[in-house]
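Data first, discussion second: the structure below is written as structure tokens.
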Amino acid sequence: MTTDIHRPELHFTTETGVLEAPAGVLLDGESWHLFFQYKLGADEKSRWGHTYSTSLPFDWIECDDVLAPAGGETGLRAGAVAAVDGGINLYFTSITGAGSSVNLASYANVDDVCEVSDEIGALDPHVLRHGAIVQDTEGFTRFRTPCVVPDWDNGDRSEGHKGWLMLALTGEAGSSTPVILSSADGVSWTLDGELTFEGEDTGFKSSEAPGNELPPVAAPRIIRLRDEVDGEIYDVLFITLERDGAELSGYLVGRLEGTVFNVVTGFKRIDYGHDFTRPRNTNVTAGTIDADKRYEEAVIFGLMSGAGRQDAPAEHPSLSQEGWANALSLPRYLTLQGGVIYQTPARGLPDAVATTDRARLWTGLLEVPSGSEVEVQLLDGNGSPAAIIKHSGDELTLDRSLCGAYQDSYAGDAVASAPLREDDSDSLTIVVDGSTVEVYADGGQVAMASRVYFDGGCSGISASTSGEAEIVREWERHGS
């Protein structure tokens with residue numbers, strides 16, 4: 001039994017060091033392979049680690065690291081993972097004093113993935129580096145943070161996939177430019193050009209980026225989903241905006257045709273909590289998902305650190321008290337309904353919670369008329385509220401400013417809030433796992449992820465109503 005109060009048991013975090021981002025995720029049958037960017041210590045160089053689960057994506061086994069800085073590299077950044085020709089390609093960002101480039105490493109065989117040794121920081125000998133595959137060219141420089149997904153066959157979505165597509169960033173961090181590249185084999189890449197937008201209003205609100213222009217972004221990712229309303233397949237573009245020392249992640253829905261993203265639904269936030277950023281898509285091996293079901297849903301992971309690259313790990317109690325900082329969100333299953341993303345936790349979560357020592361799950365089916373409210377208090381080890389979640393029918397809020405031992409740290413935090421559509425059924429699902437809190441409202445219409453450092457851990461969840469609000473049914477599960 002662990003004695004770490006803040007360490008989650010179901011959310012992934014490193015055994016030691018600073019977790020910086022999910023790097024890439026691959027689902028092979030029922031086996032999940034999660035690659036992540038982290039540092040062995042706060043002052044170390046960034047590298048890639050690897051963990052996997054053979055069934056549900058909650059019980060992670062850490063493998064040897066797959067990539068570490070070599071030669072003149074000052075660090076490695078996140079990228080993508082894809083199954084290519086029976087092996088696994090790792091697309092990563094190599095940082096040197098001269099700039100950055102997209103590099104390739106690989107496992108020759110999927111079955112070779114995951115070497116486990118007792119040495120911290122040991123490198124898996126099955127990983128082979130191939131060097132830079134995308135670097136400064138044609139007026140574009142500093143290629144980084146690649147997302148790699150299967151490309152369409154001749155651009156016709158009815159014909160399936162052929163070859164590969166890469167979405168990457170170029171230029172300086174403060175003025176990043178997304179670009180599209182294509183490849184027949186996943187190794188040799190052609191730069192198609194800068195990503196541009198047409199169609200509906202993008203929804204970007206920035207004085208630096210009027211009209212449909214893209215403001216400075218980080219970590220762009222793309223997935224495909226079939227809309228359950230009109231039955232059409234759309235591209236969903238995830239972007240992370242960097243503003244005022246914090247990061248805000250969201251998505252646009254449309255169709256990518258060449259280098260042009262034709263917008264159907266403008267930018268919407270993917271998470272309204274304090275701590276969710278840099279969502280990463282999940283690729284799959286051949287045969288893992290039936291072709292006719294491929295676009296019914298998608299899976300993403302996010303970093304639970306709202307400051308992103310501006311994060312100060314030394315300020316986290318988890319690092320000073322337990323030797324680790326930051327965690328990834330639970331995997332989220334996404335569906336597209338009328339141009340809007342709905343999110344739900346991964347299947348099997350209730351049973352997984354029951355196997356833990358301290359995690360808690362509360363679900364309530366609600367009736368919340370206008371002017372009424374359901375309030376859910378998350379209690380610390382002393383039985384005092386450390387965070388309060390409120391559902392008022394048209395708004396969801398999460399207030400963590402009451403957090404016991406770390407009240408001074410959170411005293412200035414704004415209350416996280418999100419609008420709710422009144423035409424949806426009222427419901428709440430709340431997951432507390434160590435210092436992580438995730439909330440899903442109204443069938444997944446809104447999600448919130450926030451860190452809460454409970455004094456003595458979370459001892460309980462207490463729900464109450466006001467006005468004409470009613471908890472029609474509630475259900476709770478917790479660890480032993």
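The values are calculated or read from the model by the stated rules, or taken from the named source; none is laboratory data. Keep in mind it's a predicted model, so treat the numbers as computed, not measured. Glycine also receives a Cβ, built like all others from the backbone with ideal geometry; neighbour counts cover every protein chain displayed. Keep in mind that these areas ignore ligands, DNA and RNA; they rest on the heavy atoms of the full protein, side chains included. Shrake-Rupley method; radii C 1.70, N 1.55, O 1.52, S 1.80 Å.
What the table below lists for this structure:
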{"item": "Asp185 vs. criteria at negative phi, part of a loop (DSSP other than H, G, I, E, B) and more than 23 Å from the chain's Cα centre (by Cα)", "result": "yes"}
{"item": "Conditions (1) over 19 Å from the mean Cα position of the chain (by Cα); (2) buried (at least 16 other Cβ atoms within 10 Å of the Cβ): number failed by Gly250", "result": "(1)"}
{"item": "Filtered residues of the stretch 276-290 (kept if modelled with pLDDT under 95, of a type in the set (D, E, K, R) and part of a strand (DSSP E or B))", "result": "Arg278"}
{"item": "Number of positions in the stretch 320-351 that are surrounded by 18 or more Cβ atoms within 10 Å (Cβ to Cβ) and closer than 18 Å to Phe36 by Cα", "result": "9"}
{"item": "Per-region count, the stretch 450-459, residues surrounded by fewer than 16 Cβ atoms within 10 Å (Cβ to Cβ) and touching a strand residue (DSSP E or B) at 6+ places or on another chain (Cβ under 7 Å)", "result": "0"}
{"item": "Residue within the stretch 422-436 that is over 15 Å from Val374 (Cβ atoms), at pLDDT below 95, outside any loop (DSSP other than H, G, I, E, B) and open to solvent by 10 Å² or more (accessible area, probe 1.4 Å) present", "result": "no"}
{"item": "Residue in the stretch 142-153 that is open to solvent by less than 60 Å² (accessible area, probe 1.4 Å) and modelled with pLDDT under 90 present", "result": "yes"}
{"item": "Residue satisfying all of: in the stretch 192-212; part of a strand (DSSP E or B) and open to solvent by 30 Å² or more (accessible area, probe 1.4 Å); modelled with the lowest pLDDT among these", "result": "Gly199"}
{"item": "Counted residues, the stretch 33-61 - those being open to solvent by 20 Å² or more (accessible area, probe 1.4 Å), out of contact with any Gly (no Cβ under 7 Å at 6 or more places or on another chain) and in a strand (DSSP E or B)", "result": "3"}
{"item": "Residue list for the stretch 74-93, restricted to those being out of contact with any Lys or Arg (no Cβ under 8 Å at 6 or more places or on another chain) and open to solvent by 10 Å² or more (accessible area, probe 1.4 Å)", "result": "Ala83, Val84, Asp85, Gly86, Asn89"}
{"item": "Filtered residues of the stretch 257-275 (kept if more than 24 Å from Gly306 (Cβ to Cβ), surrounded by fewer than 21 Cβ atoms within 10 Å (Cβ to Cβ) and of a type outside the set (Val, Ile, Thr))", "result": "Glu257, Gly258, Asn262"}
{"item": "Top-ranked residue in the stretch 79-131 [being among the polar types (S, T, N, Q) and outside any strand (DSSP E or B); ranked as farthest from Thr16 (Cα to Cα)]", "result": "Asn109"}
{"item": "Qualifying positions in the stretch 122-141 - loosely packed, with under 14 Cβ neighbours inside 10 Å and more than 17 Å from Phe92 (Cβ to Cβ)", "result": "Pro125, Thr137, Glu138, Gly139"}
{"item": "Matching option when the condition is open to solvent by 20 Å² or more (accessible area, probe 1.4 Å) and in contact with a helix residue (DSSP H, G or I) (Cβ under 7 Å, 6 or more places away or on another chain), among Arg278, Arg294, Arg309", "result": "Arg278"}
{"item": "Qualifying residue in the stretch 294-302 (condition: over 16 Å from the mean Cα position of the chain (by Cα) and under 19 Å from Pro345 (Cβ atoms))", "result": "yes"}
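For every residue, the table says whether it meets (1) of a type in the set (Ser, Thr, Tyr); (2) not in a loop (DSSP other than H, G, I, E, B); (3) not assigned by the TED database to the domain that holds His391.
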position	(1), (2), (3)
Val263	no, yes, yes
Asp271	no, no, yes
His274	no, no, yes
Asp292	no, yes, yes
Gly302	no, yes, yes
Ala314	no, yes, yes
Ser318	yes, yes, yes
